[in-house]
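Report on the following structure.
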Amino acid sequence: MSTVTATPVDRLLYTPEEAAEALAIGRSTLYELMAEGAVKYIKLGRLRRIRRADLEMYVASLAPMPA
């Protein structure tokens, strides 16, 4: 018996829940970051989506704690 597995899709847009999971933070924390403008998002009708590039820019903007 052969098993066919789907190749994971390299997403361009994430739901807030998926973005929060990718950043390892809570959903409400992500919504706060979106409201502050720290994480950019787009609106598609009533939906909010976060571009992968915007997640990467947010992470790159984080400063590490001094040693």
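Give all pairs with beta carbons closer than 9 Å in which a residue from region 9-26 that is assigned to a loop (DSSP other than H, G, I, E, B) meets a residue that is of a type in the set (V, I, T); count only pairs at least 6 apart in sequence or on separate chains.
Note: pairs meeting the criteria are T15/I50.
Does region 27-56 hold any residues that are open to solvent by 40 Å² or more (accessible area, probe 1.4 Å) and assigned to a loop (DSSP other than H, G, I, E, B), and which are they? I'd like the intermediate steps shown before the answer.
Step one: of region 27-56, the residues open to solvent by 40 Å² or more (accessible area, probe 1.4 Å) are 27-29, 31-32, 35-38, 40-49, 51-53, 56.
Result: G37, A38, K40, Y41, G45, R46.
Go over the candidates V4, V9, V59 one by one and state the one that is modelled with pLDDT of 95 or more and surrounded by fewer than 14 Cβ atoms within 10 Å (Cβ to Cβ).
On the way: V4 fails: modelled with pLDDT of 95 or more; V9 fails: modelled with pLDDT of 95 or more.
Testing whether each residue is modelled with pLDDT of 95 or more and surrounded by fewer than 14 Cβ atoms within 10 Å (Cβ to Cβ) leaves just V59.
The values are calculated or read from the model by the stated rules, or taken from the named source; none is laboratory data. Because the structure is predicted, anything quoted here is derived from the model rather than measured. Note that we place each Cβ from the backbone using ideal geometry, even for glycine, and neighbour counts take in every protein chain shown. The area values use the complete protein model at the heavy-atom level, side chains included, leaving out ligands, DNA and RNA. Shrake-Rupley method; radii C 1.70, N 1.55, O 1.52, S 1.80 Å.
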